[in-house]
1. I'd like to check one number: the per residue accessible area of the range B:3-238, probe 1.4 Å, reported in Å² as a whole number.
2. Add -39500 (n - 2.57) for each DSSP H run of 4 or more in the protein assembly as shown, then divide by its residues: what number comes out at 222 nm, to the nearest 500 deg cm²/dmol?
3. Of B:Lys271/B:Lys410; A:Lys27/A:Lys223; B:Lys410/B:Lys448, which pairs sit farther than 24 Å apart, going by alpha carbon to alpha carbon?
4. At D:Ala27, with labels set 7 Å past Cα in the Cβ direction, how many nm apart are the copies from this one, shortest first?
5. I need the peptides A:279-287, A:15-23 ranked by packing, meaning the mean over residues of other C-beta atoms within 10 angstrom, with the highest value on top.
6. Any idea of the total accessible area buried by the C-D contact, 1.4 Å probe, rounded to 100 Å²?
7. At D:Ser331, with labels set 7 Å past Cα in the Cβ direction, how many nm apart are the copies from this one, shortest first?
8. Which loop-located trypsin sites (Lys or Arg not before Pro) does the range B:307-404 contain, where loop means any DSSP state but H, G, I, E or B and the Cβ has at most 13 other Cβ atoms within 10 Å?
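The values are calculated or read from the model by the stated rules, or taken from the named source; none is laboratory data. It should be emphasised that the depicted structure is a prediction, and the values quoted were computed from it without experimental measurement. In this analysis, Cβ positions are derived from the backbone assuming ideal geometry, glycine residues included, and neighbour counts consider all displayed protein chains. These accessible areas exclude ligands, DNA and RNA; they are computed on the full protein's heavy atoms, side chains included. Shrake-Rupley method; radii C 1.70, N 1.55, O 1.52, S 1.80 Å.
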Amino acid sequence: QDKLYIPLISKGFQHQFWQAVKLGADKAGAELGVDVTFEGPDNETQVDKQIDMLAAALAKQPAAVGIAALDSQAVIPLLKKAQEAKIPVIAFDSGVDSDIPVATASTDNMAAAAMAADKMGELIGGEGKIAVVAHSQTSLTGVHRRDGFVNEIKEKFPKIEIVTVEYGDGDHLKSTEITKAILAANPDIKGIFGSNEGSAIGVLNGVREMGAKVVVIGFDSGKAQKDAIRSGEMAGAITQNPVGIGYETVKAAVAVSKGETVPKNVDTGFYWYDKSNIDAPEIAAVLYD
Amino acid sequence: MTELVRMEGIDKRFPGVHALKSVGFDLRAGEVHALMGENGAGKSTLMKILSGVYHPDEGRILVDRTEVAVPTPRAAQDLGIGIIHQELALMRDLTVAQNIWIGREPRLSFGRLDEAKLNADAAAIFDAMHIRMDPRAIVGGLTIARQQMVEIAKALSYRSRVLIMDEPTAALNDAEIAELFAIIRKLKAEGVGVIYISHKMDEIKRISDRVTVMRDGAYVGTVEAADTPISTIISMMVGRELSDETAIIPDLSGAETALEVSHLSRGHELKDISFSLKKGEILGFAGLMGAGRTELARAIFGAEPADHGEIRVHGKAQQIRTPADAVSAGIGYLSEDRKHYGLALGMDVRANIAMASLPRYADRFGRIDEPELGRIARRYIQTLSIRTPGDRQELRLLSGGNQQKVVIAKWLLRDCDILIFDEPTRGIDVGAKAEIYRLLNELAASGKAIIVISSELPEVLRLSHRIAVMCEGRLTGILPGGASQEEIMALATKREGLAAE
Amino acid sequence: MTLEDTTNMSEKQVRRGAAQQKLLAFASLIVLVIGFSLASPRFFQIDNIMSILQATSVNGVLAVGVTMIIITGGIDLSIGTLMTFCAVMTGVVLTWMGAPLLVGVATGMATGALCGLISGTLVAKAKIPPFIATLGMMLVLKGMSLIVTGTKPIYFNDTEGYTDISTGSLVGMVIPQFPLPNGVLILFVVAGIIAWVLGRTVLGRYTFALGSNEEAVRLSGVNTDRWKMAIYALAGAICGIAGILISSRLNSAQPALGLGYELEAIAAVVIGGTSLSGGRGTITGTLIGALIMSVLTNGLRVLSVAPEWQTVVTGIIIIVAVYADQLRRRSAN
Amino acid sequence: MTLEDTTNMSEKQVRRGAAQQKLLAFASLIVLVIGFSLASPRFFQIDNIMSILQATSVNGVLAVGVTMIIITGGIDLSIGTLMTFCAVMTGVVLTWMGAPLLVGVATGMATGALCGLISGTLVAKAKIPPFIATLGMMLVLKGMSLIVTGTKPIYFNDTEGYTDISTGSLVGMVIPQFPLPNGVLILFVVAGIIAWVLGRTVLGRYTFALGSNEEAVRLSGVNTDRWKMAIYALAGAICGIAGILISSRLNSAQPALGLGYELEAIAAVVIGGTSLSGGRGTITGTLIGALIMSVLTNGLRVLSVAPEWQTVVTGIIIIVAVYADQLRRRSAN
Ligand SMILES: Nc1ncnc2c1ncn2[C@@H]1O[C@H](COP(=O)(O)OP(=O)(O)OP(=O)(O)O)[C@@H](O)[C@H]1O
Ligand SMILES: Nc1ncnc2c1ncn2[C@@H]1O[C@H](COP(=O)(O)OP(=O)(O)OP(=O)(O)O)[C@@H](O)[C@H]1O
Ligand SMILES: [Mg+2]
Ligand SMILES: [Mg+2]
């Protein structure tokens, strides 16, 4: 009668991306008959808050625990504790610098952002000015997406100039104001990349309010981005498979806790979607509102 | 005469203090009934009960011979009871007129204020009081005396049938007191009953019809003012006779100069002031309200440093830019506004007494010698007969006069060579006043140089070895001790315009 | 009479002084604007100026609301999440229940007023320190927004004209060269009304009086509790307006937004010279404070200053601006 | 004499009252702990209690530091980012320059003291309101941490024993059943020292006096500016300790961390009964406040309450706890 209990400690819970991960986790929980809880700190700087959460989760002596570490090293002492208590650990979204996790279900954010850069280069014809509105200067996803994008542009498109990289904390309004300032400072800008949902929507808003003609490339999914892509305001976006990440994490956790072996790395993949393929079944399956 | 108010068997306890012990009191229409008693006797507490601030533990209140409840200040107002609180209860960021009419602002439609009427009404009240006051002045910028005027005007504006005045003249000068008395007489004629609390004994004879005396929270008796000598009232208050002494002016010709102020000026407030003070001397400062005595003291003390001029202490020129400079040069200053500038009301008696002398009672780790401070505090509580349940009582719970004594204790403990007392006996009862006069004389005799600023001419005359008089920021003259009141008033009203003629 | 003379002189002085003061209060702002204009030709463009104003609107409205509370000597930490909650309730009424626009706007403001009233009651009746009462409300409202929406944004796609509330331009329709966004117009209207309320009405008088000496007001027979509750409720309704503005701009009610907006608004108020200990403050000051903040942010971005340096420079300039203001006040004395 | 009698009576009463008060002050905390223990058997386990204490350590240390500043009637918004900056400077000295452990710890505290001194100078000498001065510092320090580190965390892998500062257990080495983390020990030591400073030393006395009536203290001939600067500097040094604790726990200096920690610490102080208007407050209260907050957070997590409901419940309980405390104080009067 005692259901298995599996807590997932994520990097956040309010953003649509994390809600989609939660959706997948809950789905797996329902299918496999286990209790799943899902929580994360308010923002991605709160490394110690996440550690407190992990500690509270371990206190509940779960069957296994899932963690999307905000810092790849800071969680290690607690993971060691989990290991001692024989609680298997599954890493999701991004890995940790340790071999304690028995499995990792994540996306290669660098590669995903590089794909966005390729599309941007294509769409603006390989030259001109562009800008990046990233969601964080310090979080792993923020840094990886920024670097993935910037490096790819530098490598492949020497004629494209990235005029600025600004950070809007994923706050829609802040990203809007940033975009407007970028447009004011660089009226001849040709494209802007928003590195997560909040940033992308902010860029879209800013472009709209300034009445500018700019290629907007987004990241993640959500109703507003989907609508904008359908209407052509946004050229396209990269999406990961958050539902899949959540689902695979719980699935692996259950398997491990039952003593089965699981593959060490589960790459849940990423996809480019635009007006042309947004309704294709394999894309529609990884998008969320 | 018809009876307006009767209080019977009023009992009130505070933690550690039995403030009122079954006190009775009555007030008739058209009389001025003085309420007398030492500091902490319970006068203010009794009046706060009548005006709805405190609730009695026992006893009843009758207004027009019917028993009433006075749960809130509002209820008291509705019963026609108005009060001037001893501790000024003003909104410092608001203007004079706004303070007076708070809660009763004349309104236009949509909750709009009729500011013009507000100011005109306030101006009318001041006109009736024969006082010049800008209704639009911010109250926080007024001197204590003028704030007191605002309180009085506010109380008058209620047109109450019962008007309680808790030490209304503590900060006032003779001229203003005369105006106030004229107003009280007019109110009396209109049938208003006035309860009058004061520590100035001469006022009692001048204005009151009956006198009720309290001691230690208990009712002592009620007498007719006209046929009871002051000395009887005093002995009812303090339970013993007080002997009145006059100043003995010592020969200071050989004494060395302690303080020399030359050509001190600041803005419009202080104009080219020079004087000197000898060791062992008490120099009184007289002047009308706003003459600039407080400003002068604050300038010497570095609270608001002067623009020009020189201050020499024991012959040495001193740069005094802050009070800390002044204190280390050996100058102490007791402010006239104890609430804002003198005391930390949230702290206890002991801490306040020690405030200026702390480092002296600390070791090199900064650790305070609490037992010693306790002993000292209790010693001052005894010598100044400060009425408090103990040296750890928070200061805000002490009666006004007892708070004043704590400020005095603070400066006595600091033991400065030069002491400036600005209105040292404000709100202090006769018994304690005599005690303070004795203390000041002793301090002088032991070689301290003392400046006493006072609005009470008798006090200045009683204490001073010499009397400096100021008018509108100028020092208009220095008179020898024992000068007549007329001489002083002549200098106090010697305006610059007139002087030029 | 001499006294008469001095009074008059000072009266005149005071008036002239006041005019100077008002102008000088803008000094920091003007210096900033001139500085940025010299540094980048892109800064002083009509489009960018409109952006700056637009960026001021939400924070400005919040700041105006909280100015009242700060003048009473209180504080309101819940304004950011209350703004969001109002946006969410507007969304619920407009999108989920399909009510007409006006009903939605009214709901947003009513939600704000109600929550403000709750805070006010906690402060006035339960005597809970404003910091705690509104900290509690901040958390409660943050959670409530997520609960009501199921953590998903509510989009206003079906409500015709909702985005125009903030981004349309009535002024631009009359004077095409000056496309002042409606959001800014609303900010000015709200600021005007509250300035009037503070300066001319009974409510305003008690706002200052409460902050100056609450006990004295109570002793004067005023029902201080009731007035305080009214002030918190009014401030709450203004947060409701901010909620409508932000959701109209984002065309959605974002339930996770809002935290941190309170600090920005309070900063604008304090930069504008309102004292946190209550009793004094002006709406003009608050507007200037809010403008200083958005000019700074925008200007540094237009100059493409590195983001980490933007924070450093912002911090320094805020201190310097307030210091300059401090000196001005002292010398005016 | 009557007064003599009352004195004795009151002295006794006061003492008995004080003891009762002290016990009752813990009431909210105890009720919470009992409630959670009944609700979940997992809550009152030694491991979980240690987690709670460990989670209190950083916030507790920050709160102890800012308690002093709040008692003076000031506020310090920069504590969160200052903590981070101190951690960063410690990292620079230890990891980049390879200095010995003690030098690193000293650097962290010195950095804190220096920055506190700057804030204190801005407040005391330049007369900038504490809210603004420390808001400015908060931004400056936030930027500085990012600049110094190049936005990347500094790891302490090469510094032997650095993580033990916070996560090791000296107590556990003596009493194995009670593995109290060193971080908590440090919190208690810091709290003890500051409680002593506040209660027994000249600095402490002036801390209260400044908050009670600064002008009166100044007019008593005390160099208020210098004392205020000393208090801010001491509080800064304590932030330095918090920085060492958090970086030792995370084995890294995270440059983006810190924003929001100030609010949490200030909340703990105010929940603990210290008045934001200054003049009164206790370190015991602050510790209780910090514990209430971490017991709440942990308990709700152990009960697996949904995160959005966690916020709502936290908000309500904070209000209720402070209200209960309010009632207690009133009835004690
Ligand atoms: N709120 C209070 N809590 C505790 N004690 C109080 C309180 N209010 C007054 N007391 C005490 O009650 C006694 C009476 O105080 P009260 O203010 O009535 O004296 P008073 O006669 O007006 O004295 P004074 O002439 O100094 O104004 C004093 O001992 C005072 O310390
Ligand atoms: N009638 C007045 N109108 C406006 N301001 C006044 C008036 N009277 C005094 N002041 C203010 O008070 C200052 C001087 O007052 P100060 O307190 O030094 O006088 P004082 O002689 O000590 O009188 P007081 O008895 O009031 O203490 C002036 O500079 C002025 O600012
Ligand atoms: Mg009294
Ligand atoms: Mg004076």
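1. 36
2. -17500 deg cm²/dmol
3. From B:Lys271/B:Lys410; A:Lys27/A:Lys223; B:Lys410/B:Lys448, over 24 Å: B:Lys271/B:Lys410.
4. The answer, with the shortest distance listed first, is 5.4 nm.
5. Values: A:279-287: 13.7, A:15-23: 24.4.
So the peptides A:279-287, A:15-23, ranked by packing, come out A:15-23, A:279-287.
6. Buried: approximately 3200 Å² between D and C.
7. Here the equivalent label points are 5.9 nm apart from this one.
8. Taking the range B:307-404 and a limit of 13 other Cβ atoms within 10 Å, the loop trypsin sites (Lys or Arg not before Pro) found are B:Arg321, B:Arg364.
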